[in-house]
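The values are calculated or read from the model by the stated rules, or taken from the named source; none is laboratory data. This one's a predicted model, so the numbers in the text were calculated from it and none came from an experiment. Glycine gets a Cβ as well: all are built from the backbone with ideal geometry, and neighbour counts include every protein chain shown.
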Amino acid sequence: MGRRDTRTTGGTTTNYLFAGQNAVQENVGGTATAHMVPGGIDEIFARITPTRTQSLLTDSLGSTIGLADTTAVNAEYSYDPFGTTTVNGNDSGNTIRFTGREDEGNGLYNYRSRFYAPGTGRFLSRDPLGLASGDTNLYTYVLNQPTGLVDPMGTKPQQSSDLESGADEALVRAHQIHNWHL
């Protein structure tokens with residue numbers, strides 16, 4: 001659903017090879033230019049080019065907050081709540097940014113079934129699920145709760161899996177501390 005196989009930016013056409021919902025290889029002119037090491041949906045652990053391997057450091061929403069190789073953090077990313085991005089350092093062509101989605105090079109993010117504009121905090125088209133998405137405004141991004149919800153398919157907001165696992169870890173630690181004090 002909504003998977004893009006090709007992208008043209010500045011006259012360069014990039015083709016993508018997928019494993020499930022994640023792109024695992026970028027090709028330009030029939031040559032592999034980058035390989036990605038995926039985890040879950042929208043979770044890329046590393047980007048490997050012919051000249052370097054970089055790890056993508058992410059926050060609880062899956063947004064890239066840094067690119068690091070074996071020697072240093074090469075780029076740092078910061079976001080306003082709705083995803084307007086500031087990059088400091090050399091991002092080496094990395095396009096995986098807000099909530100693990102790809103920056104299209106024109107200020108928009110591809111959320112598979114539709115495009116998102118972080119400057120307005122809205123999708124450019126109606127939610128294809130209609131009112132079944134859980135919101136009466138069919139252009140709203142994550143029910144206007146961008147610091148706790150994600151929408152990997154562009155159709156239905158959901159709790160970030162990192163936030164859920166973080167809450168589970170906190171409960172386990174609290175239980176362990178409680179048992180230790182007994």
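Observations on the structure shown:
- The residues listed here are 80, 69; of these, the one that is touching a residue at least 24 places away in the same chain (Cβ under 8 Å), of a type in the set (Asp, Glu) and surrounded by fewer than 15 Cβ atoms within 10 Å (Cβ to Cβ) is 80.
- Scanning region 51-66 for residues that are touching a Lys or Arg at 6+ places or on another chain (Cβ under 9 Å), crowded, with 20+ Cβ neighbours inside 10 Å and not in a loop (DSSP other than H, G, I, E, B) gives 54, 56, 64.
- Residue count, region 5-38 (criterion: surrounded by fewer than 13 Cβ atoms within 10 Å (Cβ to Cβ) and touching a residue at least 24 places away in the same chain (Cβ under 8 Å)): 2
- Residue match in region 88-104 (condition: within 22 Å of residue 3 (Cβ to Cβ) and among the aromatic types (Phe, Trp, Tyr)): yes
- So residue 105, is it in a loop (DSSP other than H, G, I, E, B), modelled with pLDDT of 85 or more, buried (at least 20 other Cβ atoms within 10 Å of the Cβ) and in contact with a strand residue (DSSP E or B) (Cβ under 8 Å, 6 or more places away or on another chain): no
- Some residue of region 42-50 being crowded, with 20+ Cβ neighbours inside 10 Å, modelled with pLDDT under 95 and part of a loop (DSSP other than H, G, I, E, B): yes
- Residues satisfying the stated conditions in region 59-88, i.e. modelled with pLDDT under 95, β-branched (Val, Ile, Thr) and touching a Gly at 6+ places or on another chain (Cβ under 8 Å): 73
- Pair list, Cβ < 6 Å and 6+ apart or interchain, from region 117-135 residues that are closer than 14 Å to residue 153 by Cα to residues that are assigned to a helix (DSSP H, G or I): 127/133
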